[in-house]
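Student: Handing you a structure now.
What follows is calculated from the coordinates using simple rules that are stated; it is not laboratory data. Bear in mind the structure is a predicted one, so any value in this text is a computation, not a measurement. When we count neighbours, we look across all protein chains shown, and the Cβ atoms used for this are built from the backbone with ideal geometry, even at glycine.
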Amino acid sequence: MKSIHTEDVQRRLDAYKGQPIYLHLEMTTGAYASHQDSTKLTASTFISNAIIRYSHGLITGHGPYRVGLKTGQGWVYSEGLTHWDDSDNERLIMAGHDQEGKLVVGLQLSSKPFGTVNECEDITEVTGNKEIKK
Amino acid sequence: MERYEHILVVLPHPDDEGIIAGTLAAYIAQGARITYVCLTLGEMGRNMGTPPFANRVSLPSIRKQELIDACQNIGIQDLRMWGLHDKTVEFEDQERLDERLLATISELKPELIMTFYPGYSVHPDHDATGAAVIRTVARIAADTRPIVQCIALSKGCKEMIGPPDITHDVSRYMPQKQAAIRAHRSQFHHLVGDSFDKPDKLARFTKERLWTYKLS
């Protein structure tokens, strides 16, 4: 992940305009927020592979950045975005990382669904030669 | 330490096994065969490495490899990744999850199952995993039931469930344990901070505490 480059992100947002797009959106304080500090609230939310279509999408701010996508009947909004994956041409992956590098917010768009975990398998004899049971 | 032939470990996230890695290495040294059912790939974790080298999309495959490496470092022979989605264990179809656990227990006939203590393990996935194991074991006739030993993490849990009845000194197995925890490269920094460089902090890792779950 690299620091966000707004012109590149804006070009990618423009390219998805008007098409059905898969959205992954999340925000989290971390599952241990209140365990580590009882004055904090543990809160977390995500939606994966929601299909949206937006007529207008912008990235704004001077870093951290904000993204707003105007959909048919509402908006997708995200604040605190700091990083993106500039090497991924298939998907637009953006995230906001705090000073420790932990993900706080994530906004991802793709014309194909984001992977679900069906790459799992049973591995016996992990100490020796891997024998993979289908 | 007790000696077991077959142990089943059921935990939801890659890196959870680090908490009991010394105990597992010790049992393996005594000849135990360990099956580790890891329910998710921890793909919703916040930690992407320090400095970050993963992202939400690449994290599951990275953590999967870290898990395999950690199991090799401990010596775990049989790793089963069930592919549930991180954070969703409590929302899964309970009946299906329980049936799958029961089938696994019937197949392996472990004398001991290790999991999280339901209600005292902080993360909802931990609690849901422990609860599924307890529900399933409770269905097995008492005379053939495996022992269930639990990890508890919540603050003040000792006031509620009493002190742990098992404390293992795993000093001898610290190389395996440290290697297993280090294998989780994307999580390592946040798991242990500087503890591995400070002898006084590292000493805390030599004690592993477990609660035997009392099924009525």
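Student: Only four residue types carry charge here, +1 at the Cβ of Lys and Arg and -1 at the Cβ of Asp and Glu. Report the dipole size of chain A about the Cα centre in Debye, rounded to the nearest 20.
Tutor: Roughly 520 debye for chain A.
Student: I'd like the Karplus ³J(HN,Hα) series for the stretch B:194-199: coefficients 6.51, -1.76, 1.60, θ = phi - 60°, whole numbers in Hz, and an x wherever there's a Gly or Pro.
Tutor: These are the phi-based 3J(HN,Hα) values: 9, 4, 6, 9, 10, x Hz.
Student: OK, next. Can you check what the net charge comes to around A:Ile4, using other residues whose Cβ is under 14 Å from the Cβ of A:Ile4 (Lys, Arg +1; Asp, Glu -1)? Don't skip to the answer; put the middle values down first.
Tutor: On the way: positive: A:Lys2, A:Arg11, A:Arg12, A:Arg66; negative: A:Glu7, A:Asp8, A:Glu79, A:Asp85, A:Asp86, A:Asp88.
So the surrounding residues net to -2.
Student: Name all residues of the stretch B:174-210 having a backbone nitrogen under 16 Å from the label point set 7 Å from the Cα of B:Thr50 along its Cα→Cβ direction, giving them as ranges.
Tutor: B:181-199, B:201-202
Student: Additional query: Where the eigenvalues come from the Cα gyration tensor of the stretch B:1-115, what are the semi-axes √(5λ) of the equivalent ellipsoid, largest first, in whole Å? The partial results should precede the final answer.
Tutor: Values: eigenvalues 126, 74, 19 Å².
Semi-axes (√(5λ), whole Å): 25, 19, 10.
Student: Quick one: which residues, 5 or more positions from B:Met48 or on another chain, have an amide H under 5 Å from its amide H? H modelled 1.01 Å from N in the peptide plane, none for Pro or chain starts.
Tutor: A:Leu103
Student: Can you give the Rg to Rh ratio for the stretch B:61-197, taking only C-alpha atoms and Rh from Kirkwood?
Tutor: 0.96
Student: How many angstrom lie between the Cα centre of the stretch B:1-77 and the Cα centre of the stretch A:18-52?
Tutor: 25 Å
Student: I'd like the projected area of the stretch A:2-133, averaged over all directions, using the convex hull of its alpha carbons. Report it in nm² with one decimal.
Tutor: Mean shadow area of the hull around the Cα atoms is 11.4 nm².
Student: While we're on this one: Under the Kirkwood approximation for Rh and a Cα-based Rg, what ratio Rg/Rh is obtained for the protein assembly as shown?
Tutor: On the Cα set of the protein assembly as shown, Rg over Rh gives 1.00.
Student: Compare the peptides A:47-58, B:53-64 by average per-residue count of other Cβ atoms within 10 angstrom and give them in order, highest first. Walk me through the intermediate numbers first.
Tutor: Details: A:47-58: 14.6, B:53-64: 21.4.
Packing proxy ranking, top to bottom: B:53-64, A:47-58.
Student: So who's got an amide H within less than 5 Å of the one on A:Thr124, skipping anything under 5 residues away but keeping other chains? H placed 1.01 Å off N, in plane.
Tutor: A:Glu131, A:Lys133, B:Leu79
Student: Then there's this: Along each of the three principal axes of the Cα atoms of the stretch B:53-142, give the extent in whole Å, ordering the values from largest to smallest.
Tutor: That gives 48, 30, 23 Å along the principal axes, largest extent first.
Student: May I pose another question? Enumerate the amide H contacts of B:Val9 below 5 Å, restricted to partners 5 or more residues apart or on another chain; note that Pro and chain-start residues carry no placed amide H.
Tutor: It is B:Thr35, B:Tyr36, B:Val37, B:Met114, by chain and number.
Student: Further question on the same structure: Taking beta carbons within 10 Å but only from partner chains, what does the mean come to for residues A:25-36? Let's see the in-between values first.
Tutor: Working: counts 0, 4, 0, 4, 1, 4, 11, 5, 0, 2, 5, 2.
Counting Cβ atoms of other protein chains within 10 Å of each residue's Cβ and averaging gives 3.
Student: Taking 7 Å along the Cα-to-C-beta vector as the label spot, tell me the A:Thr71-A:Asp14 distance in nanometres, rounded to one decimal.
Tutor: Inter-label distance under the simple model: 2.4 nm.
Student: Please average, across the residues of B:78-84, the number of beta carbons from any other chain that are within 10 Å of each residue's own beta carbon, and give a whole number. All intermediate terms of the calculation are to be shown ahead of the outcome.
Tutor: Numbers: counts 8, 8, 6, 6, 4, 6, 2.
Across B:78-84, the average partner-chain Cβ count within 10 Å equals 6.
Student: Count charges around B:Thr206 for me, please; just the other residues with Cβ under 12 Å from its Cβ, Lys/Arg as +1, Asp/Glu as -1.
Tutor: +3
Student: Another question about this same structure. Determine ³J(HN,Hα), in whole Hz, for all residues of the stretch B:201-214 in sequence, where each value follows from phi through the Karplus function 6.51 cos²θ - 1.76 cosθ + 1.60 and θ = phi - 60°; x replaces Gly and Pro.
Tutor: Values per residue, Gly and Pro as x: 6, 4, 4, 5, 6, 7, 10, 10, 10, 9, 10, 6, 7, 8 Hz.
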